[in-house]
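A quick write-up on the structure given underneath.
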Amino acid sequence: MKIKLVILLIFFTSIGFAQTATSISLEEFKNKIEQNNRSLQANEQEYLQMRAEYHETNAAFLPQLSASHTAYRTDNPVMAFGTLLNQGVFAESDFAVNNLNNPAAVSNFVTTFQVQQPLLNFDKWVMRSALKDRANAQMQQNTFKKEALLLQADRLYMQLQLAYKSLEVLEKSKATAKANLKSIEDFYEEGLLVKSDVLSAKVRLNEVENALTKAENELVSISDYMYFMMNEEGSMLTPENKLEIQLSEESQETSLANRSDVVAMDLSVEAYQKMKKSAGMMYLPTLNAFGNVQYFDQDVFGTGAQNFFVGATLNWNLFEGGSRIAKNQQMKAQLQQAKLEAEDYKANAEVELDKAKRNLIEAEQKMNRNTLSLEQAQEAFDIRKNRFEEGLERTTDLLNAEVQLANQELMYNQSIFEFNLAQLQVQFLGNVN
């Protein structure tokens, strides 16, 4: 009868929570994070900035085109003479001395189409490749940050499962504490127990109720943070699945060298190598072609006369006050710094992975011990409960056994959470697919 009462109490409590909670699966939670998380969106914008910076270097090989239309009116002798020539309307009478010295004002409208074509710009070509590596490094870094965020999502979801599991244990403990209090009060009324036994049972009930309040607040806090990660608002969340042991394949191999953040560090070093090479190529000459077509007329947008102008420029800056030497030294130092940081990062990644593997072994051992301890605590409580009902056990021993059982259940659930999380940590840090 008492067992039925406990089950009914837990059932109706669960109904009360379900009425105000929204069920969510782990897959749905992760999908919403991928779609709406502000941190991921900010990372994407950072990548787009670097990609745009890379596309700016298209100017190293693509032409620059421009068009303009200029209007003026002048009686300047030189300008007037040249304008008439450009318009193709110069007449023999314009050679008269008086016309040359005191020409009538002329109007001119010039339409110009101009093109500039880079031909040889070695330093910019190499810098373009360096910026591409930087953009790819940022993309790889974003991938790693996304994987880290999804690991955090796994952890939060399991925390939600653990919180509901703890709530279930505490509800059962509350029902047990109430049943124990009722039995103790009955024995007290029969004169078999003293008042201190009743007070101890009430204290235990209050302790469980306080723990329940704390567990309920923890549920709300976890739900709030999950909504924050999804960039949403809503009622308290409840997991679709209960907390269970998740076993991964033992044959999974780690691949640290291919982990996104490690690849990003390698790409960053390559980018600095190319930047240094680009700085060295600033000593080389540059070759650029140019040309334009112009239309001259007395009317706006007229095309009465046309001429063209084409050419090429070979430019070689032999000395710039030592700035290029300093630039090379700067790039050399930055490259060395990038190499040292990459080596340090990889070494630390190895340390973190080894630590995660040790934590997994420890978590598995702890879970196995807690499984055995839970069975023993349950058996001890059942024995003391039966002896108490027969008047062979003290009240404090019964209450201590009940506390021990509840704590052991909580520890067992916590060890499952830690074991599952430890597995995910190894998979994440070891780049296990």
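Read-outs throughout are calculated quantities, based only on the coordinates presented, and are distinct from any laboratory measurement. Keep in mind the model is a prediction, meaning the values are calculated, not measured. Don't worry about glycine lacking a Cβ; one is built from the backbone with ideal geometry, like all the others, and counts go over all protein chains shown.
What FRET efficiency do you get for Leu151 and Lys182 if R0 is 51 Å and r is their Cβ-Cβ distance, rounded to the nearest 0.05?
Once the sixth-power term is evaluated, E becomes 0.65.
Looking at this model, which pairs from Lys146/Lys172; Lys32/Lys132; Lys30/Lys357 are more than 32 angstrom apart at the alpha-carbon?
As for pairs spanning more than 32 Å Cα to Cα, those are Lys146/Lys172.
In whole Å, what is the distance between the alpha-carbon centres of segment 342-410 and segment 145-163?
23 Å
Over the chain, what lengths in whole Å, largest first, do the semi-axes of the equivalent ellipsoid take, defined as the square roots of 5 times the eigenvalues of the alpha-carbon gyration tensor?
84, 28, 15
Which helices, counted as full DSSP H runs in the chain, have an axial Cα extent of no less than 18 Å and a Kyte-Doolittle average of -1.0 or above?
Both cut-offs are met by 2-20, 122-189, 195-230, 260-280, 395-429.
Could you tell me which chymotrypsin sites (Phe, Trp or Tyr not before Pro) in segment 270-310 are loop residues by DSSP with no more than 11 other beta carbons within 10 angstrom of their beta carbon?
Phe301
Placing unit charges on C-beta atoms (Lys and Arg positive, Asp and Glu negative, everything else neutral), compute the dipole magnitude of the chain about its Cα centre in debye, rounded to 20.
960 debye
Measure up Lys145/Lys242; Lys124/Lys327; Lys165/Lys242 against 19 Å on the Cα-Cα distance and list the ones that go over.
Distance filter (> 19 Å) returns Lys145/Lys242.
Just going by the charge dipole of segment 205-316, with Lys and Arg at +1 and Asp and Glu at -1 on Cβ, which of Gln246, Tyr227, Asn258 is farthest out on the positive end?
Farthest along the dipole direction, towards plus: Asn258.
Per the helix-only calculation at 222 nm, which mean residue ellipticity applies to the chain, given -39500 (n - 2.57) for every DSSP H run of n ≥ 4 and division by its residues, nearest 500 deg cm²/dmol?
Here the helix-only value at 222 nm equals -24500 deg cm²/dmol.
Let me know the charge dipole size of segment 145-184 about its Cα centre in debye, to the nearest 20, where only the beta-carbon of Lys, Arg (+1) and Asp, Glu (-1) is charged.
Dipole about the Cα centre, nearest 20: 140 debye.
Taking the Cα centroid of segment 190-219 and of segment 39-56, what is the distance between the two, rounded to the nearest whole Å?
Taking the Cα centre of segment 39-56 as reference, the centre of segment 190-219 is 58 Å away.
Please check the chain for the longest run free of GluC sites (Glu not before Pro) that are loop-located per DSSP (anything but H, G, I, E, B) and have at most 15 other Cβ atoms within 10 Å.
1-189
Would you be so kind as to identify which of Asn431, Thr371, Ala406 lies farthest towards the positive end of the dipole of segment 364-433, taking Lys and Arg as +1 and Asp and Glu as -1 on Cβ and the Cα centre as origin?
About the Cα centre, the residue reaching furthest to the positive side is Asn431.
Please compute the net charge surrounding Gln329, taking Lys and Arg as +1 and Asp and Glu as -1 over other residues with Cβ under 15 Å from its Cβ.
+4
Taking Rh as the Kirkwood radius computed over C-alpha pairs, what is the Stokes-Einstein D of segment 18-148 at 10 °C in a medium of viscosity 1.306 mPa s, expressed in µm² per second?
Translational diffusion coefficient: 74 µm²/s.
Dipole of segment 198-329, Cα-centred, from +1 at each Lys and Arg C-beta and -1 at each Asp and Glu C-beta, to the nearest 20 debye?
Value, rounded to 20: 900 debye.
GNM, the chain, Cα, under 10 Å: largest mean-square fluctuation among Ala105, Ala163, Ala271?
Of Ala105, Ala163, Ala271, the Gaussian network model singles out Ala105 as fluctuating most.
Note down the nm distance, to one decimal, between modelled labels 7 Å out along Cα→Cβ at Ser68 and at Gln330.
That separation, rounded to one decimal, is 3.2 nm.
For Thr371 and Lys357 in the same chain, what is the full-extension length gain: residue separation times 0.36 nm, less their Cα-Cα distance, in nm?
Between Thr371 and Lys357, full extension yields 2.9 nm more.
I need the Debye-formula profile for segment 213-346: one equal scatterer per C-alpha, no solvent, reported as log10 I(q)/I(0) at q = 0.11, 0.14, 0.18, 0.20 1/Å, two decimals.
Each listed q maps to, in turn, -0.81, -0.94, -1.07, -1.13.
Can you give the Kirkwood hydrodynamic radius for segment 56-117, in Å, rounded to one decimal and based on Cα pairs?
After inverting the mean inverse Cα-Cα distance, the result is 14.0 Å.
For labels at Ala312 and Arg38 in the simple 7 Å Cα→Cβ model, what's the distance in nm?
In this crude label model, Ala312 to Arg38 measures out at 5.6 nm.
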